[in-house]
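Read through the structure below, which is laid out as structure tokens, and then see the notes.
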Amino acid sequence: MNSIESFRADISRVRPGRSRPGGLLDLLTVAAVVLDADGRIAFWSPQAEELFGYTAQEALGQYAARLMVHEEHLDLVIKLFAEVMDTGQSWAGAFPIRNKDGSTRLVEFRNMRLLDPLGDVYALGIAADHTTLQQVETELALSERLVSQSPIGLKVMDTDLRYVTVNPALAHINGLPAADHIGRNVHEALPFLDAKAIESVMRQVLATGIPVLDRYVVGRTPAEPETEHAWSTSYFRLEDRAGRVLGVAASVVDITERHRAATEAARARRRLALIAKASARVGTTLEVDQTARELAEATVPDLADVVAVDVLDSVLALRRSTAPATGPELFRALAVVAAYPTAVVRATDRPGDLATYGADRLVTQCVRTGRPVLVPHATDQDLPRIARDPAAAALLAQAGVHSYLAVPLIARGEVLGAVDFIRARNPLPFDEDDATLAGELAGRAAVCIDNARWFQSVRNIAVTLQRSLLPDHPPHHAGLDVASRYEPAGAASEVGGDWFDVISLDGDKTALVVGDVMGSGIDAAATMGRLRTATCTLADLDLDPAQVLRQLDKTTARLEHYIATCVYAVYDPRRAECHIATAGHMPPVLVRTGHPPELVDLPTGVPLGVGGVPFEAGTVRLGHGDLLVLYTDGLVETRERPIDERLKRLLQLLEGPQRPLEETCDRLLGALRDPEHHDDVALLIARPRA
């Protein structure tokens, strides 16, 4: 076998792995030409035919220089050929070649000497179109520069989702040298990240070829394992010219600052929303307990998992604390609200309970200093200083409490108590921003609590005054059974001036009085007491009901800024008659045995204090077993229903068989009393005896 045949045989024995067309070599159309020692063409590849235009039959055995080189370049080509063959030095460069069609093409050559086993010498030329090669080199250089110098992290993963290429920017982002990425998957290289989610996206892109753009990834890397970062990632499928899938390319842009700004903006919006919600929900009533519960409910679960509101017992009693600076403080629990069932609730004081906390407790320090107490990461050493006792501390540990915040309730410069915020299920620790927000909410609630405690104090005084001015239990009266009720207004309003009275008169007569001073508070209660005293004095004069109201009208006119309504009735058991006069008051109800209840038709009259209008009295029969019901407008007036409808309901409740008078009072109040208690109520029911 001659040497060229041996060369061809050697090439034929090379069996590399088969690949689909479209690779870089196909793009460049790399041709191979072998010349013998005389310069004749001994080997001509198919790519050479494509590059130079000559078929193998036309080229083999021909002098290469005469076939492919213009005459003006013959001497140079022969010289270069001789250098390669004689010295063995390779030559590379671009050279103009004559194509079969007569055109000239600039071709990039790599020439080298070959030596076969027989000692024969050949020249191998590897050739490619110069323009195509230059374009590829430019694109490769550009791509390499873009990848290596890009501030954006870039990576290429193969079809098994293992790193093939990582640029310096991504190596810096990941905190891992580029070489340590190669051949590893995401989980192996970056265990801090959610590798399953990332690889799921890449598999999707590999399968569909549809890019995934601007996908957020949040996590930590070895570069800064303690700091959370955010990246915007985009994924593209890589394919060659023939459509063969090569892998996935991805770009990674660090957007941590933008992410933090967006997170902070969202947090700020949530804070504003929480403040707005709390402003609308806290302080809807003038009840201390209700206000505290509204504060706790408004902050769970947005700010904490469990919230407890406690006030100093001395504050509710409107006295200064006498506890020494180094001693304990006595707290009264007002509210406890949890976002979910938890043992933390059992560790807190129940609403209404009194609890003593020593000077070493954090809540005591909070009220003593008037400053927030923040424990971002509560340890086993911190929990005993939070809880009331060791058992409660164990419950806090069992519930997973990991962060604690106490803020003082301060109103008008006085510390009223404290609000405890606890996190167990919420994984984030409390921070200074949370303390600021909690302080803002506590400050608003403290003013409401302070208003409520002073209101309750004044209201309690007024109720005490008013009840002291009313008869406790009407004494026995000849021929008449009497039952009465007085209920003050609820938390939404102050005490009013409603009153009732039952007065024994000469001749076994009994005066029945129900009145209502317009207004509320201590002044109204005091005015009511003056009118009641005046009524009792006038009743002793045995005047006609109309005359009594005429004198009360004069008395009321002398009281500045006050008017009142009143119904005055005198029952005479000997005549079974009742003389009644009203001054702008609700009509009495008469229930006769065997007849439906009815409103007594009487001259209405004007309220007391208006003056100048005469009063008239009417007479009704009131026999054994009949009922006379006197009441104030708080029993029947509501904001939702018309008064006619409410009076009809009153009559309906009085229908049916006779009941004990006390039971009748409770029945009327239970069915007619407005749940909001916007006004106080006085009720008086009388029934003649045989």
Restricted to the stretch 614-636 and to residues being in a loop (DSSP other than H, G, I, E, B) and out of contact with any Lys or Arg (no Cβ under 9 Å at 6 or more places or on another chain), the residue surrounded by the fewest Cβ atoms within 10 Å (Cβ to Cβ) is 616
request  = Please tell me if residue 271 is more than 30 Å from residue 457 (Cβ to Cβ), surrounded by 15 or more Cβ atoms within 10 Å (Cβ to Cβ), within 17 Å of the chain's Cα centre (by Cα) and not assigned by TED's automatic domain parsing to the domain that holds residue 407.
outcome  = yes
Scanning the stretch 148-166 for residues that are among the hydroxyl-bearing types (Ser, Thr, Tyr) and surrounded by fewer than 17 Cβ atoms within 10 Å (Cβ to Cβ), the one farthest from residue 254 (Cα to Cα) turns out to be 159
Note on residue 611: of the conditions (1) surrounded by fewer than 20 Cβ atoms within 10 Å (Cβ to Cβ); (2) at pLDDT 90 or above, unmet is (2)
Checked against (1) part of a strand (DSSP E or B); (2) touching a Phe, Trp or Tyr at 6+ places or on another chain (Cβ under 9 Å); (3) more than 19 Å from residue 169 (Cβ to Cβ), residue 237 satisfies every condition except (2)
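Filter the stretch 530-546 down to the residues that are touching a Phe, Trp or Tyr at 6+ places or on another chain (Cβ under 8 Å) and surrounded by fewer than 24 Cβ atoms within 10 Å (Cβ to Cβ), then identify the one that is farthest from residue 614 (Cα to Cα). Reasoning before the result, please.
Within the stretch 530-546, the subset touching a Phe, Trp or Tyr at 6+ places or on another chain (Cβ under 8 Å) is 531-532, 535, 545-546.
With the extra rule that they be surrounded by fewer than 24 Cβ atoms within 10 Å (Cβ to Cβ), the set shrinks to 532, 535, 546.
Working: 532: 21, 535: 18, 546: 8 Å.
Restricting to residues being touching a Phe, Trp or Tyr at 6+ places or on another chain (Cβ under 8 Å) and surrounded by fewer than 24 Cβ atoms within 10 Å (Cβ to Cβ), the top hit is 532.
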Exactly one of 293, 269, 258 is in contact (Cβ under 8 Å) with a residue 12 or more places away in the chain, in a helix (DSSP H, G or I) and over 30 Å from residue 365 (Cα atoms), and that residue is 258
Of (1) more than 27 Å from residue 668 (Cα to Cα); (2) surrounded by 14 or more Cβ atoms within 10 Å (Cβ to Cβ); (3) out of contact with any Phe, Trp or Tyr (no Cβ under 8 Å at 6 or more places or on another chain), residue 598 satisfies every one except (1)
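A quick yes/no check of all residues on (1) of a type outside the set (D, E, K, R); (2) touching a Gly at 6+ places or on another chain (Cβ under 6 Å); (3) more than 30 Å from residue 290 (Cα to Cα):
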site: 573; (1), (2), (3): yes, yes, yes
site: 579; (1), (2), (3): yes, no, yes
site: 624; (1), (2), (3): yes, no, yes
site: 629; (1), (2), (3): yes, no, yes
site: 635; (1), (2), (3): yes, no, no
site: 646; (1), (2), (3): no, no, no
site: 665; (1), (2), (3): yes, no, no
When every residue in the stretch 199-234 that is in a strand (DSSP E or B) and exposed (fewer than 13 other Cβ atoms within 10 Å of the Cβ) is compared, the one farthest from the chain's Cα centre (by Cα) is 213
Filtering the stretch 176-233 down to residues that are under 21 Å from residue 247 (Cα atoms) and of a type in the set (S, T, N, Q) yields 185, 200, 204, 208, 232, 233
Note: among 92, 37, just one is in a strand (DSSP E or B), closer than 27 Å to residue 118 by Cα, over 60 Å from the mean Cα position of the chain (by Cα) and outside the structural domain of residue 245 (by TED's automatic domain parsing), namely 92
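Considering only the stretch 670-689, state which residues are surrounded by 15 or more Cβ atoms within 10 Å (Cβ to Cβ) and either of a type in the set (Phe, Trp, Tyr) or under 30 Å from residue 576 (Cβ atoms) (or both).
Passing the criteria: 672, 681, 682, 683, 684, 685, 686, 687, 688.
Would you please name the residue that is farthest from residue 630 (Cα to Cα), looking only at residues in the stretch 516-534 that are touching an Asp or Glu at 6+ places or on another chain (Cβ under 7 Å) and in contact (Cβ under 8 Å) with a residue 60 or more places away in the chain?
Quick first cut of the stretch 516-534, residues touching an Asp or Glu at 6+ places or on another chain (Cβ under 7 Å) only: 516, 520-521, 532.
Keeping just the survivors that are in contact (Cβ under 8 Å) with a residue 60 or more places away in the chain gives 516, 521, 532.
Numbers: 516: 12, 521: 23, 532: 16 Å.
Looking at residues that are touching an Asp or Glu at 6+ places or on another chain (Cβ under 7 Å) and in contact (Cβ under 8 Å) with a residue 60 or more places away in the chain, I get 521.
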When (1) more than 21 Å from residue 571 (Cα to Cα); (2) more than 47 Å from the chain's Cα centre (by Cα) are applied to residue 649, the one that fails is (2)
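Name the residue, out of 102, 183, 119, that is of a type outside the set (Lys, Arg) and either in a strand (DSSP E or B) or touching a Phe, Trp or Tyr at 6+ places or on another chain (Cβ under 8 Å) (or both).
183
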*For residue 565, are the conditions met, namely being at pLDDT below 90, touching a Gly at 6+ places or on another chain (Cβ under 7 Å) and either assigned by TED's automatic domain parsing to the domain that holds residue 523 or within 16 Å of residue 535 (Cα to Cα) (or both)?*
no
Among residues of the stretch 540-565 being part of a loop (DSSP other than H, G, I, E, B) and acidic (Asp, Glu), the residue nearest to the chain's Cα centre (by Cα) is 560
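Yes/no matrix, rows are residues, columns are (1) within 16 Å of residue 121 (Cα to Cα); (2) at pLDDT 85 or above; (3) within 60 Å of the chain's Cα centre (by Cα):
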site: 67; (1), (2), (3): no, yes, no
site: 73; (1), (2), (3): no, no, no
site: 83; (1), (2), (3): yes, no, no
site: 98; (1), (2), (3): no, yes, no
site: 102; (1), (2), (3): no, no, no
site: 106; (1), (2), (3): no, yes, no
site: 109; (1), (2), (3): no, yes, no
task: Answer yes or no: is there a residue in the stretch 499-508 that is modelled with pLDDT under 90 and buried (at least 24 other Cβ atoms within 10 Å of the Cβ).
output: yes
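Could you say whether any residue in the stretch 566-574 is surrounded by 18 or more Cβ atoms within 10 Å (Cβ to Cβ) and hydroxyl-bearing (Ser, Thr, Tyr)?
Restricting attention to the stretch 566-574, the residues satisfying the condition of being surrounded by 18 or more Cβ atoms within 10 Å (Cβ to Cβ) are 566-571, 573.
Checking the rest, the ones that are also hydroxyl-bearing (Ser, Thr, Tyr) come to 568, 571.
Yes - at least one qualifying residue is present in the stretch 566-574.
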Log entry, pairs with first residue in the stretch 383-395 being assigned by TED's automatic domain parsing to the domain that holds residue 424, second being among the hydroxyl-bearing types (Ser, Thr, Tyr) and crowded, with 19+ Cβ neighbours inside 10 Å, beta carbons closer than 7 Å, six or more apart or on different chains, reads 386/404; 388/357
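In this structure, is residue 600 touching a Cys at 6+ places or on another chain (Cβ under 6 Å) and in the same structural domain as residue 559 (by TED's automatic domain parsing)? Spell out how you get there, then give the answer.
Numbers: touching a Cys at 6+ places or on another chain (Cβ under 6 Å): no; in the same structural domain as residue 559 (by TED's automatic domain parsing): yes.
Considered against the rule, which asks whether it is touching a Cys at 6+ places or on another chain (Cβ under 6 Å) and in the same structural domain as residue 559 (by TED's automatic domain parsing), residue 600 comes out as no.
Counting only residues that are more than 29 Å from residue 284 (Cβ to Cβ), give me the strands (runs of 3 or more DSSP E) lying completely in the stretch 344-458 with at least 2 of them.
Numbers: elements: 354-357, 373-375, 403-411, 414-423.
Qualifying strands (runs of 3 or more DSSP E): 354-357, 373-375.
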Of the residues in the stretch 36-63 that are without any contact (Cβ under 8 Å) to a residue 40 or more places away in the chain and small (Gly, Ala, Ser), the one that is surrounded by the most Cβ atoms within 10 Å (Cβ to Cβ) is 59
Taking first residues from the stretch 68-83 that are closer than 12 Å to residue 95 by Cβ and second residues anywhere that are among the charged types (D, E, K, R) and outside any helix (DSSP H, G or I), the pairs with Cβ under 8 Å that are 6 or more apart or on different chains are 68/98; 69/98; 70/98
If you go through 299, 348, 369, 342, the only one that is exposed (fewer than 15 other Cβ atoms within 10 Å of the Cβ), under 19 Å from residue 419 (Cβ atoms) and out of contact with any Cys (no Cβ under 7 Å at 6 or more places or on another chain) is 369
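The values are calculated or read from the model by the stated rules, or taken from the named source; none is laboratory data. Just so you know, these numbers come straight off a predicted model, no measurement behind them. A quick note on method: Cβ atoms are made from the backbone with ideal geometry, for glycine too, and the neighbour counts reach across all protein chains shown.
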